Amino acid sequence: MGPGGLRVTAVRLDGAHQVWARYTGVRGQSAYLVTRDGAFVGYYRTVEELAEVVDLADLRTP
């Protein structure tokens, strides 16, 4: 969990996650799903991509 209701979850890209991730241009077996207060923010393939939009130091275990 992060500030302002930010949540990062590692997800397997199958089913609905696969459809939505592909729609946003993310392909692969897994990705990081980012939401804020339950609303979709994006899928990110790597920690490096994630770090471009999320300050990783602000994340805490729920």
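The values are calculated or read from the model by the stated rules, or taken from the named source; none is laboratory data. Since this is a predicted model, take the numbers as computed values, not measurements. Every residue, glycine as well, gets a Cβ built from its backbone with ideal geometry; the counts of neighbours run over all protein chains shown.
What pairs come up if the first residue lies in segment 37-62 and is at pLDDT below 95, the second is part of a loop (DSSP other than H, G, I, E, B) and not charged (D, E, K, R), and their beta carbons are under 6 Å apart, counting only those six or more places apart or on different chains? Between residues of segment 37-62 that are at pLDDT below 95 and residues that are part of a loop (DSSP other than H, G, I, E, B) and not charged (D, E, K, R), the close pairs are ASP58/GLY2; LEU59/GLY2; ARG60/MET1; PRO62/MET1. Residues in segment 33-62 that are more than 12 Å from the chain's Cα centre (by Cα) and either assigned to a strand (DSSP E or B) or surrounded by 11 or more Cβ atoms within 10 Å (Cβ to Cβ) (or both): ASP58, LEU59.
Pairing residues of segment 9-28 that are at positive phi with residues that are at pLDDT 95 or above, at Cβ distances under 9 Å and at least 6 apart in sequence or on separate chains, gives GLY25/TYR43; GLY28/LEU13; GLY28/ALA21; GLY28/ARG45.
For segment 8-20, does any single residue satisfy the condition of being in a strand (DSSP E or B), surrounded by 12 or more Cβ atoms within 10 Å (Cβ to Cβ), of a type in the set (Gly, Ala, Ser) and touching a Ser or Thr at 6+ places or on another chain (Cβ under 7 Å)?
no
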